[in-house]
């Protein structure tokens, strides 16, 4: 009996075995209002000329996953291609009343709280798809928070390479050393995403992170 070989079947098998990943899937994680979207916007603006998302002072402005499919970074003769994934701010508790302080109606506040909660769940689900992660923390706040420990814990459990960004170093209360002390096993780079301060050091760190990427 002759066995009929199906060429297309084997093509698919070999294609999947030898397929090289073109883009590094880079996730932006952190608590609300730490500056994840501001940093994602800064990177996208630097290398594509377009911003990724909206930034406001209201917590949980980003409530859905935002993706920039391809960002080519050419830095000091080196090149990397990323797929940027900006995620909603991680929170252990979301109370609609916190939004009332920003002038939202009760209905709007409850709607935002519901969307934000859904966004947190989606962000955690997306962790499994990340090759590397940037955790953005507000350098003016205490890094020893339940939210930050939860974020780092979830990433560690998946063995995903991490770079911690201490954002808002332009502000008087910023303390990068406190974040370094809180997470000594990770590289920490201080920046101001808003002003573009220290971005050269950030890109150096990003290239180092890419070499450790998962998979």
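The values are calculated or read from the model by the stated rules, or taken from the named source; none is laboratory data. All values derive from a computational prediction rather than experimental measurement. So basically every Cβ, Gly included, is an ideal-geometry build from the backbone, and we count neighbours across all protein chains shown.
A few notes on this one:
- As for segment 175-191, it holds no residue that is closer than 21 Å to residue 60 by Cβ, surrounded by fewer than 17 Cβ atoms within 10 Å (Cβ to Cβ) and in contact (Cβ under 8 Å) with a residue 12 or more places away in the chain.
- From 121, 133, 94, residue being part of a strand (DSSP E or B) and either within 20 Å of the chain's Cα centre (by Cα) or in contact (Cβ under 8 Å) with a residue 24 or more places away in the chain (or both): 133
- Take the conditions (1) out of contact with any helix residue (DSSP H, G or I) (no Cβ under 6 Å at 6 or more places or on another chain); (2) surrounded by 14 or more Cβ atoms within 10 Å (Cβ to Cβ); residue 163 misses just one of them, which is (1).
- Top-ranked residue of segment 97-112 - restricted to ones that are farther than 15 Å from residue 32 by Cβ and assigned to a loop (DSSP other than H, G, I, E, B), ranked as modelled with the lowest pLDDT: 103
- Complete set of residues in segment 63-91 that are part of a strand (DSSP E or B) and out of contact with any strand residue (DSSP E or B) (no Cβ under 9 Å at 6 or more places or on another chain): 75, 78
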